[in-house]
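**Q** Could you have a look at this structure, given as structure tokens, before my questions?
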Amino acid sequence: MIQLTFLEQFANEINAIFGNQLNNHTIVLPNKRAKVFLLEAIKKTTQETIFAPKIISIEDLIQDIANVRSVDAIELLFEFYEVYLSVTKTDKQQNFEVFSKWGKTLLQDFNEIDRYLIDPKHVFSYLKDVEALKRWDLEPQETTSLIDSHLEFWNRIPLYYDAFKKHLLDKKIGYQGLIYREAVENLIPFSNTLSGTIIFAGFNALNQAEERIMLHLLSNGQAKVYWDIDYAFLNDPYHDAGLFIRRFKKEWKPYLTQSFEWITNAFQDSKNISIIGTPKTIGQAKIAGNIVEGLLAKGADINKTAVVLGDENLLIPVLYGLPNGINGLNITMGYTTKNNPAQLLINKIFKLHTNALSRSATAYTLYYKEVLEILNHPLVEPYIGMPEVVQVINNNNFTFFGHETLVKVKQEKYPEENPFFNLLFQKWDNPIDAILDKLLQVLLTIKDKLSNERDEEKITKAFVYAVYKVINKLKTYHLKYQKIDSPEALYTIYKQINDLVEVSFEGEPLTGLQIMGVLESRVLDFENVIITSVNEGKFPAGKSQQSFIPYDIKRELGLPTYKEKDAIYSYHFYHLLMRAKNVYLLYNSDGEGIDAGEKSRFITQLEIEKQPKHTITHEIYNAVLPDKAYQPIIVPKSEQALLRLKEIATGKGFSPSSLTSYIRNPMQFYFQRVLRINEVDEVEESIALNTLGTIIHETLETLYKPFLNEFLGVHHLDQMIAKIDEVTAEQFKLVYKEGEIRKGKNLLAFEVAKRNVYNFLREERNAIENGDAVKVLFLEEKLEVVIEDGILPYNVKIAGNVDRIELRNNTIRIVDYKTGRVEANSLKINDFENLTTDIKNEKIIQLLCYALMFQEKTEFQHLPVEAGIISFKNMKSGFMSFGVGKGRGVVSETLINTNLLNDFKSEIVKLINEILSQDVVFKELN
């Protein structure tokens with residue numbers, strides 16, 4: 001026997017009852033999306049040409065009865081603000097931005113109170129008394145202005161409600177709850193003039209207003225109601241899927257004499273239910289695509305297959321995960337505009353300009369990240385193409401800079417006029433409607449640049465159009481109400497509107513794979529159902545309280561709570577399963593992270609209350625892991641690589657730091673030295689450690705340079721100390737360029753740099769006072785040496801810059817500054833065995849390379865030589881020299897002689913030969 005869907009069974013029933021007179025009657029469905037499926041089902045029931053009946057949603061019927069037009073939430077908020085101003089004293093009035101934050105919540109409560117036909121005076125009086133009781137023990141003199149204003153707010157809510165209701169009804173407009181209340185008031189006149197029967201189909205939960213209207217028409221014989229419930233849910237007093245319909249069947253008087261239609265046994269039929277857990281939300285999109293691909297391979301009817309998204313944010317990943325064999329696709333859901341590219345761009349533009357205005361009362365100050373986020377945005381970068389502007393911002397360390405600076409940089413690099421650039425970055429110093437016009441032009445410009453050929457760009461166009469409608473609506477509201485007085489307020493309202501907007505996709509609803517949200521699945525049945533995000537907090541949605549009315553008061557007054565919302569989700573879930581043959585329930589099995597959560601109670605309920613004919617399987621899908629988590633990169637030396645190595649070795653030369661980088665990781669050496677891949681220049685918002693080190697080095701060089709090649713006296717050091725502030729600031733400007741150093745972490749870094757320089761000069765001054773004879777010979781001196789050795793394929797140059805070379809007490813000192821912490825024992829060694837195989841020896845290798853290169857300065861060969869480090873984070877240790885010892889407890893020899901350098905040279909030749917050898921590959925070290 002062929003299993004009919006609810007709509008097919010319903011179409012057969014009404015055709016049998018009403019025949020070709022069906023067009024005289026009205027069919028009411030829970031939503032508008034089911035209309036096209038019902039029309040198709042009616043078409044299949046008859047061979048004749050007939051007029052279709054009027055098919056409307058319950059909201060449309062209620063509006064017809066009430067004769068009041070529904071308006072959207074944001075227009076209601078503006079109308080509510082008009083009323084608020086009219087009944088509130090001028091000195092107590094709030095601006096629209098502040099008002100909107102609580103006004104939206106209060107409107108939701110008005111809506112619930114009216115939908116459930118609760119006496120508003122009773123509710124508001126109750127709430128006022130509850131708030132007063134919270135402070136019953138306070139004497140009048142103990143209250144504060146905040147407490148008084150809070151209690152006054154609760155006192156004024158009935159006034160707001162009454163004035164707002166009158167205001168809306170005078171205009172014949174209203175929110176959903178008010179329209180429902182008016183429909184109940186107008187029900188008898190409506191039913192007296194009603195011709196034909198109203199047929200309600202596929203309903204589950206009803207609010208008080210809907211229930212009263214439906215029951216009145218049913219009692220008068222003017223309506224027929226077709227429920228869609230299974231015995232399994234209806235007869236179980238604890239099953240939430242039957243919570244509402246159980247009560248209707250029991251309490252509605254017409255059912256004492258009339259039959260209750262329909263109760264089915266479809267849920268007990270044979271079903272294959274696969275419960276699949278996978279870590280993280282995104283894995284579900286991939287699995288959903290694989291399931292669809294498997295159904296296609298089995299020859300399943302794709303027109304009878306639905307993917308129902310428990311979390312509608314999964315839409316885009318699911319679309320990308322679908323197989324190529326899908327010829328037809330229908331997305332019957334509204335996708336939020338929150339995270340689409342066009343919305344993100346508009347948010348970034350708002351953020352840039354509102355922040356620029358708020359940073360200073362006079363200047364229009366831009367923040368580099370906000371500028372770069374727009375310039376590099378995927379809807380801007382391909383069409384504006386200004387990489388050199390980005391490069392200038394990065395190279396000059398612009399963090400906060402004036403609008404004029406950005407315009408100047410753009411003019412220097414791209415002199416031609418660029419209207420798109422102007423729309424994005426022109427100052428927002430004009431009226432609100434002009435700002436909105438700019439944003440509309442931005443979106444129109446992007447729309448014109450997008451192609452109609454590529455599917456990705458078609459989707460992007462849909463997003464752009466949705467955001468365009470939001471901005472256009474905002475402009476209409478602004479021109480009508482004139483309540484938005486600043487870009488900040490405009491941004492606040494924009495975000496509120498955008499939260500309510502959804503993107504609609506075009507598709508053929510009757511053919512192809514159906515992708516829908518939970519609410520869009522009402523009344524519809526499918527053979528193959530894939531449901532994603534079946535987790536607590538997603539399906540069901542969980543507890544959420546955006547209301548001024550507490551939970552216990554809602555329970556007492558009969559207003560819906562999360563209990564009723566969970567029951568609604570339960571019905572939707574089990575209705576999807578009711579007539580399905582193959583069901584796939586996907587959930588996130590990961591208990592950690594932002595999107596974590598336990599599997600839904602619905603899954604547990606299915607397993608515990610398993611029906612005899614249900615086949616339930618449960619599995620966990622994990623990503624396929626390789627045997628090894630990571631395979632080190634290995635690069636053989638090609639002819640080009642060997643030529644590049646020879647070019648370095650015989651040209652610029654190997655620097656000591658490049659040799660130690662090879663010891664640390666040969667692949668790092670390969671990328672940086674052979675391939676010449678450097679890190680991308682980026683703005684240093686906070687001064688990096690290497691930048692701070694460069695500034696300290698440059699400051700010391702500048703201070704010492706005037707006194708090169710003369711013995712230093714105390715007065716020289718005093719002169720240098722007096723210039724620390726000035727010279728350090730100059731070096732910050734030169735090295736850090738336009739970076740901000742007057743506040744935050746950078747101000748601290750500036751003070752640290754000055755303190756390090758001061759500590760160094762103070763130690764130097766103390767040493768001279770104590771009798772040291774110091775002459776600085778070289779600063780940042782470039783040294784080099786060419787190594788000739790039979791092992792090497794050719795002569796190799798080593799070259800590098802030494803921070804400082806001085807003559808101290810008739811001994812040459814080669815000094816390397818380190819801004820990090822260095823301990824003296826890290827510069828000691830017993831012998832040169834394995835020197836170049838351990839990265840812990842990198843500082844020794846650098847110092848000995850400097851000494852090897854210094855040998856070329858023959859005029860100093862008669863003097864003893866030392867090499868060492870001064871660590872700014874270990875200043876108390878002073879000059880820490882390299883030394884060779886012969887075991888623990890033996891004083892190290894610190895003087896560097898020819899024999900020692902020859903031993904070192906032998907080790908360094910082995911290292912260089914390894915670098916140049918074709919037989920040794922570049923291998924990444926872990």
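The values are calculated or read from the model by the stated rules, or taken from the named source; none is laboratory data. Nothing here was measured: the structure is a model prediction, and the numbers come from that model. Heads up, the Cβs are rebuilt from the backbone with ideal geometry, glycines too, and the neighbour counts pull from every protein chain shown.
**Q** Taking region 55-86 as the search range and keeping residues that are more than 35 Å from the chain's Cα centre (by Cα) and among the small types (Gly, Ala, Ser), which one is surrounded by the fewest Cβ atoms within 10 Å (Cβ to Cβ)?
**A** Among those residues, the one meeting the criterion is SER86.
**Q** If you don't mind, another one. When you check ALA66 against the structure, is it aliphatic (A, V, I, L, M) and modelled with pLDDT under 90, yes or no?
**A** no
**Q** Taking TYR562, is it at pLDDT 90 or above and surrounded by 14 or more Cβ atoms within 10 Å (Cβ to Cβ)?
**A** Judged against the criteria, TYR562 is not a match.
**Q** Please verify whether region 791-805 includes one or more residues that are hydroxyl-bearing (Ser, Thr, Tyr), in the same structural domain as PHE872 (by TED's automatic domain parsing) and over 14 Å from PHE882 (Cβ atoms).
**A** There is at least one residue in region 791-805 that is hydroxyl-bearing (Ser, Thr, Tyr), in the same structural domain as PHE872 (by TED's automatic domain parsing) and over 14 Å from PHE882 (Cβ atoms).
**Q** Right, here's the next one. Find the strands (runs of 3 or more DSSP E) located wholly in region 769-821 whose residues include 2 or more that are closer than 29 Å to LEU692 by Cβ and of a type in the set (Asp, Glu), and list them.
**A** Output list reads 774-787, 796-808.
**Q** Pull up region 414-448, narrow it to residues that are more than 22 Å from TYR494 (Cβ to Cβ) and surrounded by 14 or more Cβ atoms within 10 Å (Cβ to Cβ), then point me to the one that is nearest to the chain's Cα centre (by Cα).
**A** Per the criteria, the residue is PHE421.
**Q** Next question. Would you mind stating whether ASP448 is acidic (Asp, Glu) and in contact (Cβ under 8 Å) with a residue 12 or more places away in the chain?
**A** no
**Q** From the list ILE721, ILE695, ILE687, pick out the single residue that is assigned by TED's automatic domain parsing to the domain that holds GLU781, modelled with pLDDT of 85 or more and buried (at least 17 other Cβ atoms within 10 Å of the Cβ).
**A** Result: ILE695 is the single residue among ILE721, ILE695, ILE687 that is assigned by TED's automatic domain parsing to the domain that holds GLU781, modelled with pLDDT of 85 or more and buried (at least 17 other Cβ atoms within 10 Å of the Cβ).
**Q** Further question on the same structure: Need the failing condition index for THR604 against (1) among the β-branched types (Val, Ile, Thr); (2) outside the structural domain of ASN795 (by TED's automatic domain parsing); (3) touching a strand residue (DSSP E or B) at 6+ places or on another chain (Cβ under 9 Å), just the number.
**A** (3)
**Q** Follow-up. Of everything in region 359-369 that's of a type outside the set (Phe, Trp, Tyr) and surrounded by 16 or more Cβ atoms within 10 Å (Cβ to Cβ), which residue is modelled with the lowest pLDDT?
**A** Going through the qualifying residues, I end up with THR365.
**Q** Output the residues belonging to region 534-559 that are of a type outside the set (Lys, Arg) and either surrounded by fewer than 15 Cβ atoms within 10 Å (Cβ to Cβ) or over 33 Å from the mean Cα position of the chain (by Cα) (or both).
**A** Those that are of a type outside the set (Lys, Arg) and either surrounded by fewer than 15 Cβ atoms within 10 Å (Cβ to Cβ) or over 33 Å from the mean Cα position of the chain (by Cα) (or both): GLY542, SER544, GLN545, GLN546, PRO550, TYR551, ASP552, ILE553, GLU556, LEU557, GLY558, LEU559.
**Q** Which of the strands (runs of 3 or more DSSP E) found entirely inside region 167-278 contain at least 3 residues meeting this: closer than 30 Å to ASP72 by Cα and at pLDDT 90 or above?
**A** Hits in region 167-278: 198-201.
**Q** Take THR305 and tell me if it is more than 24 Å from SER589 (Cα to Cα) and either surrounded by fewer than 19 Cβ atoms within 10 Å (Cβ to Cβ) or polar (S, T, N, Q) (or both).
**A** yes
**Q** Give the residues of region 378-397 that are over 26 Å from THR691 (Cβ atoms), surrounded by fewer than 18 Cβ atoms within 10 Å (Cβ to Cβ) and not aromatic (Phe, Trp, Tyr), sorted by residue number.
**A** Listed by number, the residues that qualify are PRO378, GLU381, PRO382, GLY385.
**Q** Pick from LYS286, LYS271: which is free of Cβ contacts under 8 Å to residues at least 60 places away in the same chain, touching a helix residue (DSSP H, G or I) at 6+ places or on another chain (Cβ under 8 Å), surrounded by 15 or more Cβ atoms within 10 Å (Cβ to Cβ) and on the phi < 0 side of the Ramachandran plot?
**A** Among LYS286, LYS271, only LYS286 is free of Cβ contacts under 8 Å to residues at least 60 places away in the same chain, touching a helix residue (DSSP H, G or I) at 6+ places or on another chain (Cβ under 8 Å), surrounded by 15 or more Cβ atoms within 10 Å (Cβ to Cβ) and on the phi < 0 side of the Ramachandran plot.
**Q** If only one of ASN347, ASN340, ASN324 is under 21 Å from the mean Cα position of the chain (by Cα) and under 20 Å from GLU457 (Cβ atoms), which one is it?
**A** Just one listed residue meets the conditions, ASN340.
**Q** Just one of GLY517, GLY558, GLY591 is in the same structural domain as ILE287 (by TED's automatic domain parsing) and free of Cβ contacts under 8 Å to residues at least 12 places away in the same chain; which is it?
**A** Checking each option against the conditions leaves just GLY591.
**Q** Any chance you could count how many residues in region 860-879 are within 18 Å of LEU901 (Cα to Cα) and without any contact (Cβ under 8 Å) to a residue 24 or more places away in the chain?
**A** Total meeting the criteria: 2.
**Q** Could you please find all residues in region 451-464 being touching a helix residue (DSSP H, G or I) at 6+ places or on another chain (Cβ under 7 Å) and surrounded by fewer than 19 Cβ atoms within 10 Å (Cβ to Cβ)?
**A** Within region 451-464, SER451, ASN452, LYS461 meet the criteria.
**Q** How many residues does region 764-788 hold that are more than 17 Å from LEU708 (Cα to Cα) and buried (at least 16 other Cβ atoms within 10 Å of the Cβ)?
**A** Qualifying residue count for the region: 4.
**Q** Being among the aliphatic types (A, V, I, L, M), more than 30 Å from ILE912 (Cα to Cα) and in contact with a helix residue (DSSP H, G or I) (Cβ under 8 Å, 6 or more places away or on another chain) narrows it down to one residue among ALA649, ALA623; which is it?
**A** ALA623
**Q** Failed condition for LYS652, given (1) closer than 25 Å to GLU784 by Cα; (2) part of a helix (DSSP H, G or I); (3) touching a residue at least 40 places away in the same chain (Cβ under 8 Å), with all others met?
**A** The single condition LYS652 does not satisfy is (2).
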